[in-house]
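The values are calculated or read from the model by the stated rules, or taken from the named source; none is laboratory data. Everything numeric in this text was worked out from a predicted model, so none of it was measured. Cβ coordinates were reconstructed from backbone atoms using ideal geometry, including for glycine residues, and neighbour counts include every protein chain displayed.
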Amino acid sequence: MVVKLKCIVIGGGKIGKSSLLHTYKDFAFPTDYEVPSCPNFQSRTINADGTDYQLDIHDAPEYQFDEYYQDADVCLLVYSLIDRSSFEDIQSKYYREVQRVPGPRTAPFVLVGTKKDRRDEGTAKESVSTEEGNQLSKSINANHFVECSSMTQQGLREVFDYAVRAFQKSGAKPKGGKSSKSKSGKKSGCIIN
């Protein structure tokens, strides 16, 4: 039996969300990447504790993430380890928005710091330390916190393993990864193979 889960990825632009998704799906860092003109969608099956989970991963656009979040089973709140403003936006913007989305329950979430391989390249003022990430994770009650690099794939698998573990820990029944629909009733987004 395969359990279908919808995982949404929330965070600012140019912080490594799309690279995270593509690298996880293709096992290789994208070299000819273009900024998507529509929401990214990737799907991958992983095994946790003897159960197969089909993780449908959506890079939710800022202007629609409440629609994506309403039927999400788990959420990744993502920032760049070399962009302090993206880190600050997690608590001041994205976490608050997630808390305001109406619905019967709030999906569990994992806090993710991207571009770990490049952190040493950033200035001390721009870079975000592991300690700061741990503190933020505790303050927003994230189920897990992980730093990763799409370029080297360090921590990449753990991001999605933690997403499944967060769902398992929640005790919720999967919503089945229902397709997000726009207000017009049409499916939104696009599939990137």
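Some points to look at:
- Each residue in segment 136-150 was checked for being surrounded by fewer than 22 Cβ atoms within 10 Å (Cβ to Cβ), in a loop (DSSP other than H, G, I, E, B) and touching a Gly at 6+ places or on another chain (Cβ under 9 Å), and 0 of them qualify.
- Yes/no for ILE90 being crowded, with 16+ Cβ neighbours inside 10 Å, in a helix (DSSP H, G or I) and not aromatic (Phe, Trp, Tyr): yes
- Test for PHE65: is it touching a strand residue (DSSP E or B) at 6+ places or on another chain (Cβ under 8 Å) and modelled with pLDDT of 95 or more: no
- Qualifying residue in segment 93-108 (condition: modelled with pLDDT of 95 or more and either in a loop (DSSP other than H, G, I, E, B) or of a type in the set (A, V, I, L, M) (or both)): no
- Annotation: of all residues in segment 109-135 being of a type in the set (A, V, I, L, M) and modelled with pLDDT of 95 or more, the one that is surrounded by the fewest Cβ atoms within 10 Å (Cβ to Cβ) is VAL128.
- So VAL159, is it out of contact with any His (no Cβ under 7 Å at 6 or more places or on another chain), among the β-branched types (Val, Ile, Thr) and either at positive phi or at pLDDT 95 or above (or both): yes
- Checked against (1) assigned to a loop (DSSP other than H, G, I, E, B); (2) crowded, with 22+ Cβ neighbours inside 10 Å, TYR79 passes all but condition (1).
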